[in-house]
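The values are calculated or read from the model by the stated rules, or taken from the named source; none is laboratory data. Keep in mind it's a predicted model, so treat the numbers as computed, not measured. Here Cβ is always computed from backbone atoms with ideal geometry, including for glycine, and neighbour counts include all displayed protein chains.
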Amino acid sequence: MTPRIKRPSERRMLSLTVRASKQTSRHFMTVTLGGDDVRHLRQTGFDQAGRLFFADPAEDGDVFLPSSERWVLQLTLQGGKRRPRVRTYTIRRFRPQESAFDIEVSLHEIDASGRASAPGTRWALAATPGTKVAFLDEGHSYAPPGGTAWQLLAGDESALPAILAILERSAAGLPAEVFLEVPASEDIRPDVTMPPGSVIHWLPRTDPSVKPGALALDAVKRAQLPDGRFYAWTAGESSMATGIRRHLVAERHVLKADISFRGYFSHGRASL
Ligand SMILES: Cc1cc2nc3c(=O)[nH]c(=O)nc-3n(C[C@H](O)[C@H](O)[C@H](O)COP(=O)(O)OP(=O)(O)OC[C@H]3O[C@@H](n4cnc5c(N)ncnc54)[C@H](O)[C@@H]3O)c2cc1C
């Protein structure tokens with residue numbers, strides 16, 4: 001079964017620039033994107049995400065940023081060197097008054113000399129005010145059905161922005177049991193806004209050889225969960241997301257309709 005994603009009914013390719021960037025811990029960078037085009041972005045789901053088109057700082061040349069929702073066609077017409085990189089990021093925080101929004105990029109694959117091999121990480125580390133990007137809303141998947149007593153949120157660092165956005169915006173009557181794996185203990189956030197009664201189980205990866213998502217999958221499998229019907233949302237490394245869904249359905253008899261799951265990346269494989 002494929003994840004249920006609610007795509008926006010109308011959307012535009014947004015032409016934006018970096019307003020600010022701030023490294024908040026060793027493995028996270030908050031980047032604020034803004035511009036007049038933000039007026040065309042409608043807030044929908046709490047885990048709303050979009051495709052970010054950007055020039056890779058490691059590559060030379062005059063990169064073409066798409067201006068239309070028919071970006072595949074536009075990019076096909078460009079020579080290989082002019083094509084931008086494309087990665088998907090969650091809208092962590094809307095700032096409509098400032099015609100801006102924040103994304104949080106998880107930084108990974110950085111060598112001892114500080115060089116990053118992944119384009120998304122490279123871009124975030126180099127992003128400075130004025131850097132041009134394009135952004136296309138891709139919708140959301142978080143959709144708790146009525147009648148659920150609580151929610152289970154599980155993910156790794158790639159899903160941290162979505163999980164924190166969901167917690168901040170969830171109704172007070174929908175407490176969450178959260179399993180959140182992060183690269184290191186210094187990435188744990190001390191000050192999360194969340195519905196009363198919520199609990200976050202932070203899962204720092206103390207062993208760097210452990211595959212991302214493995215701790216979250218294991219913790220959910222072993223957890224003593226609260227009673228009552230619940231909605232589960234899980235995203236991150238793809239075998240973690242599918243593993244959690246499989247466990248909830250087979251071992252805990254959760255209805256498939258009460259689970260949203262999504263692979264955000266596949267371990268060992270770069271995004272296309
Ligand atoms: C709907 C959606 C929302 C997302 N929201 C966010 C978000 O808000 N913040 C965010 O950081 N990511 C988010 N992601 C995930 C992000 O798009 C991927 O992690 C993407 O692969 C990052 O691109 P990259 O250039 O850094 O790495 P790639 O070039 O794609 O991958 C290079 C290598 O790094 C590994 N890798 C990729 N991502 C990670 C990671 N996060 N941690 C550890 N290893 C990794 C890959 O398996 C591969 O081996 C989201 C994905 C989706 C589909």
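If you take the residues in the range 141-177 that are part of a strand (DSSP E or B) and crowded, with 24+ Cβ neighbours inside 10 Å, which one is nearest to the ligand (Cβ to nearest atom)? Steps first, please.
Let us first name the residues in the range 141-177 that are part of a strand (DSSP E or B), namely 150-155, 176-177.
Among the residues that remain, those that are also crowded, with 24+ Cβ neighbours inside 10 Å are: 152-155.
Working: Leu152: 19, Leu153: 14, Ala154: 15, Gly155: 10 Å.
For the range 141-177, the residue satisfying everything is Gly155.
Go through (1) surrounded by fewer than 12 Cβ atoms within 10 Å (Cβ to Cβ); (2) touching a residue at least 60 places away in the same chain (Cβ under 8 Å); (3) of a type in the set (Asp, Glu) for Asp62 and report which single condition fails.
Unmet for Asp62, out of (1) surrounded by fewer than 12 Cβ atoms within 10 Å (Cβ to Cβ); (2) touching a residue at least 60 places away in the same chain (Cβ under 8 Å); (3) of a type in the set (Asp, Glu): (2).
The rows are residues; the columns are (1) away from the ligand (no atom under 14 Å from the Cβ); (2) out of contact with any strand residue (DSSP E or B) (no Cβ under 9 Å at 6 or more places or on another chain); (3) part of a helix (DSSP H, G or I).
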residue	(1), (2), (3)
Pro129	yes, no, no
Pro208	no, yes, no
Leu215	no, no, yes
Lys221	yes, yes, yes
Ala235	no, no, no
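Can you tell me which residues in the range 40-58 are surrounded by fewer than 23 Cβ atoms within 10 Å (Cβ to Cβ) and either of a type in the set (Phe, Trp, Tyr) or outside the structural domain of Gly80 (by TED's automatic domain parsing) (or both)?
Hit for the range 40-58 is Phe46, nothing else.
Which pairs have Cβ atoms under 8 Å, sit 6 or more apart or on different chains, and link a residue in the range 73-96 that is touching a residue at least 12 places away in the same chain (Cβ under 8 Å) to one that is more than 8 Å from the ligand (Cβ to nearest atom) and among the β-branched types (Val, Ile, Thr)?
Arg82/Val63; Arg83/Val63; Pro84/Val63; Arg92/Thr30; Arg95/Thr32; Pro96/Val38
Here is a list of conditions, (1) assigned to a loop (DSSP other than H, G, I, E, B); (2) within 13 Å of the ligand (Cβ to nearest atom); (3) under 22 Å from Pro161 (Cβ atoms), and Ala58 meets all of them except one; can you say which number that is?
(3)
Are any residues in the range 131-140 in a strand (DSSP E or B) and more than 13 Å from the ligand (Cβ to nearest atom), and if so, which ones? Steps first, please.
Within the range 131-140, the first condition is being in a strand (DSSP E or B), and the residues that meet it are 132-137, 140.
Within the range 131-140, Lys132, Val133, Ala134 qualify.
What number of residues within the range 242-266 are in contact (Cβ under 8 Å) with a residue 12 or more places away in the chain and surrounded by 13 or more Cβ atoms within 10 Å (Cβ to Cβ)?
Residues of the range 242-266 that are in contact (Cβ under 8 Å) with a residue 12 or more places away in the chain, as a first pass: 242-245, 247-248, 251-252, 254, 256-266.
Subsequent filtering for residues that are surrounded by 13 or more Cβ atoms within 10 Å (Cβ to Cβ) retains 242-245, 247-248, 252, 254, 258-265.
Qualifying residue count, the range 242-266: 16.
Can we say Val31 is in contact (Cβ under 8 Å) with a residue 24 or more places away in the chain, closer than 30 Å to Glu181 by Cβ and not polar (S, T, N, Q)? First the steps, then the outcome.
Working: in contact (Cβ under 8 Å) with a residue 24 or more places away in the chain: yes; closer than 30 Å to Glu181 by Cβ: yes; not polar (S, T, N, Q): yes.
Here the answer is yes, as Val31 does meet what is asked.
Can you find a residue in the range 34-42 that is modelled with pLDDT of 95 or more, within 27 Å of Ser141 (Cα to Cα) and within 15 Å of the ligand (Cβ to nearest atom)?
no
Determine which single condition Asp191 fails, assuming it passes every other condition in (1) within 14 Å of the ligand (Cβ to nearest atom); (2) among the acidic types (Asp, Glu); (3) part of a loop (DSSP other than H, G, I, E, B).
(1)
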